[in-house]
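These notes concern the structure reproduced below.
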There are 2 protein chains.
Amino acid sequence: MSGSESQALYGLVDLGGTKVVVGLARGGEILATRRFATDVPEGPDAGMRRMARETRDLQAELGLADLPLAAIGASIPGPNDLERGIVLSSHNVGWFDYPFVDRYSSELGGIPVFMDDDANCAGVGEARFGAGAGIPHQVYITVSTGIGGAVIIDGRIYRGWQGVGGEVGHVCVLPDGPICPCGNVGCAEAIASGPVIARRGAALLAQHQSAMLDGMAGGDPAAVTTALVFDAARAGDPACTRIVDDAARFLGILAAGLVQVLNPQAIVWGGGVMMAQSDLLLPRIEAEMGMHVYAVHRQGLLLKKAVHGDRSGLFGALALAMEGVGDA
Amino acid sequence: MSGSESQALYGLVDLGGTKVVVGLARGGEILATRRFATDVPEGPDAGMRRMARETRDLQAELGLADLPLAAIGASIPGPNDLERGIVLSSHNVGWFDYPFVDRYSSELGGIPVFMDDDANCAGVGEARFGAGAGIPHQVYITVSTGIGGAVIIDGRIYRGWQGVGGEVGHVCVLPDGPICPCGNVGCAEAIASGPVIARRGAALLAQHQSAMLDGMAGGDPAAVTTALVFDAARAGDPACTRIVDDAARFLGILAAGLVQVLNPQAIVWGGGVMMAQSDLLLPRIEAEMGMHVYAVHRQGLLLKKAVHGDRSGLFGALALAMEGVGDA
């Protein structure tokens, strides 16, 4: 990369169900970000214009108002039509069939806009600028409200035939397991996502199975959060430990299958639940993997925690924008 | 490819636990083959020399003794050190740490020899010359004495970081399932391989659970074969149908996971058990996959049966040899 390219200024977007983050980046660093609440009722056009406004304000704030943006990278919840730059149906955000790439580019006076699914962005962000830097073959798994991920082969996202590969959260890990909100049976997400862990915790209260969690939640099942279940497990509560064991177990089975098939050098774990609870989850995941992975595949396999936390997606958006304009 | 290259003559080897097949190929066609029993006690050097002798005889037989072989392609049971061309430990064949590529090349006067694991060869053979021809992203699954396969991305075997990827038979599909001979728990191979199906059938006799199978096997559990279990299921025996259902179910779960992650356009099914029993297996596999695969991943997904049967590996050896000398 030439010196001038490396100093190009990029705009970043991370669209989520509760908040939107925009940012500016240069030289592989995120200079500054702004976040604002996702306003679902106002609709996508208003949201998109707000992103543009906040980005311009941020430029002015940093004294970079006169420096043109080289490109925009955007992390958007799927499913998306990446080829045409259309957000197909982001229920949490309230965007449906919205031609984001074209609209946002127009709003910004024709700057090129590149978008990808949020889990892909987070995976690429860690692979390019984070825990997976310098590792050609890796898998990223995010454990959060949902479970998702990205398969990275030779340093690039592997998308498959129709571009819908990498659905690691919706691999069956328990044949007679629960029905997932996605409609499939026994998905990892149906067993090990944050909301499922919280729901299982809440059920303990109804059944008087955990005095500790009951006390922590003030006796209110609705007050049981994912974090509270982990806290109780960390404090030795047997029922909550069982919930954590289960989640880790099936994440381990998921990861093991990916390792057997893809033989990656690293699995990078991200997402809100993992970032907060890796001390409990990772050792259990590793133990479970030991029962399902060949020794040769395990040898040297790195299980890593994401380093950018909730900014992995922004770094991925940066990688996307840089790649989009050939600033590799 | 130039006309002269396409008419190059290739030697092929398919080494197995019970038989060795050598062949000659030209212009994408296998001209002739010879098979002989694998003589384990005689050792690898003698076996290798026999391959060379049979290949030369075959050349003479076809009137091609004067045409030099452009290269040899060899399908060898793993694990192998492909980089150094060494057969690490083929228990069935009785070869251990045997530098096959160097020895066979020397024996043939310096002709380049290219080898790959047998499941990879079968997968490549079908991808290049068989059921998967023209499909860039596909997965090959062989159901036979073992369960194995190959992941094909952009028309090439995906091997992963250390070259040991594609172990599809040893993905956990049943968390509390049987211990596999490989040492892992709940592998597809531990539930759906030919020998497991036969063993489950034999157990029915001991428990008097299938008068039909008992009759077919003359009351002798040792006479129960995989094929007999399928025959009884095909004739409506409930206990044998249950065994077939189970095998198909877990093959379906395995395939579904691969589809969710890799989004291939096709799954090509090969191997002795599948070639003989696909009428029972494939519809059940497809039904199970419906519970674990997104509609968008299923749309247009091709479930295909291998077209070359027990010659898939030879065709893969041909692809390997052609690729090895740049005759693409």
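The values are calculated or read from the model by the stated rules, or taken from the named source; none is laboratory data. It should be emphasised that the depicted structure is a prediction, and the values quoted were computed from it without experimental measurement. Virtual Cβ from ideal backbone geometry, glycine too; neighbours counted across all protein chains shown.
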Exercise for the section: Being part of a helix (DSSP H, G or I) and within 22 Å of A:GLY169 (Cβ to Cβ) is the filter here, so list the residues in the stretch A:207-232 that pass it. Expected result: A:THR226, A:ALA227, A:VAL229, A:PHE230
Practice task
Just need a number here: residues in the stretch B:231-258 that are out of contact with any strand residue (DSSP E or B) (no Cβ under 7 Å at 6 or more places or on another chain), surrounded by 22 or more Cβ atoms within 10 Å (Cβ to Cβ) and under 25 Å from B:HIS308 (Cβ atoms).
Solution key: 5
Completion exercise
Picked from the stretch B:148-159 (must be more than 9 Å from every other protein chain (Cβ to nearest Cβ) and in contact (Cβ under 8 Å) with a residue 24 or more places away in the chain), the residue farthest from B:GLY134 (Cα to Cα) is B:GLY148
Exercise for the section: For the stretch A:14-29, indicate whether the set of residues that are surrounded by fewer than 20 Cβ atoms within 10 Å (Cβ to Cβ) and modelled with pLDDT of 95 or more is non-empty. Expected result: yes
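Listed residues A:ILE135, A:ILE152, A:ILE141, A:ILE157; which is over 27 Å from A:ARG84 (Cβ atoms) and crowded, with 22+ Cβ neighbours inside 10 Å?
Details: A:ILE135 fails: crowded, with 22+ Cβ neighbours inside 10 Å; A:ILE152 fails: over 27 Å from A:ARG84 (Cβ atoms); A:ILE157 fails: over 27 Å from A:ARG84 (Cβ atoms).
Matching residue, one of A:ILE135, A:ILE152, A:ILE141, A:ILE157: A:ILE141.
Count, please, the residues in the stretch A:108-126 that happen to be within 8 Å of the chain's Cα centre (by Cα) and not polar (S, T, N, Q). Can you show your working first?
Restricting attention to the stretch A:108-126, the residues satisfying the condition of being within 8 Å of the chain's Cα centre (by Cα) are A:118-123.
Filter again for not polar (S, T, N, Q), leaving A:118-119, A:121-123.
Residues that pass the stated criteria total 5.
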Handout entry: Selection within the stretch A:156-202 - over 15 Å from A:ASP116 (Cβ atoms) and among the small types (Gly, Ala, Ser)
Key = A:GLY169, A:GLY177, A:GLY183, A:GLY186, A:ALA188, A:ALA190, A:ALA192, A:SER193, A:GLY194, A:ALA198, A:GLY201, A:ALA202
Completion exercise
Counting only residues that are farther than 23 Å from B:TRP161 by Cβ and of a type outside the set (Lys, Arg), the stretch A:246-277 contains a total of 10
Practice task
State whether the residues of the stretch B:54-72 include one that is touching a strand residue (DSSP E or B) at 6+ places or on another chain (Cβ under 8 Å) and under 17 Å from B:ASP117 (Cα atoms).
Solution key: yes
Handout entry: Members of the stretch B:105-117 found to be under 9 Å from B:ILE72 (Cα atoms) and surrounded by 17 or more Cβ atoms within 10 Å (Cβ to Cβ), listed by number
Key = B:SER105, B:ILE111, B:VAL113, B:PHE114, B:MET115
Completion exercise
Contact list, first residue from the stretch A:160-179 and facing chain B (nearest Cβ under 7 Å), second anywhere and among the charged types (D, E, K, R) and part of a loop (DSSP other than H, G, I, E, B), beta-carbon distance below 6 Å, six or more apart or interchain, is A:GLY165/A:ARG159
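Out of all the residues in the stretch B:1-8, is one or more part of a helix (DSSP H, G or I), modelled with pLDDT under 95 and of a type outside the set (Gly, Ala, Ser)? Working first, answer last.
If we filter the stretch B:1-8 for residues that are part of a helix (DSSP H, G or I), which is where we start, we get B:3-6.
Narrowing further to those that are modelled with pLDDT under 95: B:3-6.
From what is left, the residues that are of a type outside the set (Gly, Ala, Ser) are B:5.
Yes, the stretch B:1-8 has at least one match.
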Exercise for the section: Return the residue satisfying two criteria in turn: it lies in the stretch A:30-53 and is among the hydrophobic types (A, V, I, L, M, F, W, C) and in a helix (DSSP H, G or I), and of such residues it is surrounded by the most Cβ atoms within 10 Å (Cβ to Cβ). Expected result: A:MET51
Handout entry: Residues of the stretch A:281-328 classified as at pLDDT below 95, over 20 Å from A:ALA127 (Cα atoms) and among the small types (Gly, Ala, Ser), total
Key = 1
Practice task
Would you be able to tell me the number of residues in the stretch A:54-83 that are within 25 Å of A:GLY160 (Cβ to Cβ) and surrounded by 18 or more Cβ atoms within 10 Å (Cβ to Cβ)?
Solution key: 8
Exercise for the section: Scan the stretch B:4-30 and report the pairs whose first residue is without any contact (Cβ under 8 Å) to a residue 24 or more places away in the chain and whose second residue is in a strand (DSSP E or B) and crowded, with 17+ Cβ neighbours inside 10 Å, with Cβ atoms within less than 9 Å and a gap of 6+ or a chain change. Expected result: B:GLN7/B:ARG26; B:ARG26/B:LEU9; B:ARG26/B:TYR10
Exercise for the section: Please list, ordered by first then second residue, the pairs with beta carbon atoms under 8 Å, 6 or more apart or interchain, first in the stretch A:39-62 and assigned by TED's automatic domain parsing to the domain that holds A:SER105 and farther than 12 Å from A:GLU107 by Cα, second of a type in the set (Ser, Thr, Tyr) and at pLDDT 95 or above. Expected result: A:PRO44/A:TYR98; A:LEU58/A:THR33
Problem - Residues that are away from chain A (no Cβ under 11 Å), assigned to a loop (DSSP other than H, G, I, E, B) and buried (at least 19 other Cβ atoms within 10 Å of the Cβ), drawn from the stretch B:299-312 - result: B:ALA306, B:HIS308
Practice task
Please specify each residue of the stretch B:253-298 satisfying the condition of being at the interface with chain A (Cβ under 8 Å from one of its Cβ atoms), in a loop (DSSP other than H, G, I, E, B) and of a type outside the set (A, V, I, L, M, F, W, C).
Solution key: B:ASN263, B:PRO264, B:GLN265, B:HIS292, B:TYR294
Completion exercise
By residue number, the members of the stretch A:154-203 that are aromatic (Phe, Trp, Tyr) and either within 22 Å of A:GLY270 (Cβ to Cβ) or in contact with a Phe, Trp or Tyr (Cβ under 9 Å, 6 or more places away or on another chain) (or both) are A:TYR158
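Is at least one residue of the stretch A:185-199 away from chain B (no Cβ under 14 Å), in contact with an Asp or Glu (Cβ under 7 Å, 6 or more places away or on another chain), surrounded by fewer than 24 Cβ atoms within 10 Å (Cβ to Cβ) and assigned to a helix (DSSP H, G or I)?
We begin by selecting, within the stretch A:185-199, every residue away from chain B (no Cβ under 14 Å); these are A:193-199.
Checking which are in contact with an Asp or Glu (Cβ under 7 Å, 6 or more places away or on another chain) leaves us with none.
Checking the stretch A:185-199: not a single residue is away from chain B (no Cβ under 14 Å), in contact with an Asp or Glu (Cβ under 7 Å, 6 or more places away or on another chain), surrounded by fewer than 24 Cβ atoms within 10 Å (Cβ to Cβ) and assigned to a helix (DSSP H, G or I).
Hey, among A:LEU88, A:LEU174, which residue is within 30 Å of B:GLY177 (Cβ to Cβ) and over 17 Å from the mean Cα position of the chain (by Cα)? Talk me through it step by step, then tell me what you get.
Numbers: A:LEU88 fails: within 30 Å of B:GLY177 (Cβ to Cβ).
From the options A:LEU88, A:LEU174, the qualifying one is A:LEU174.
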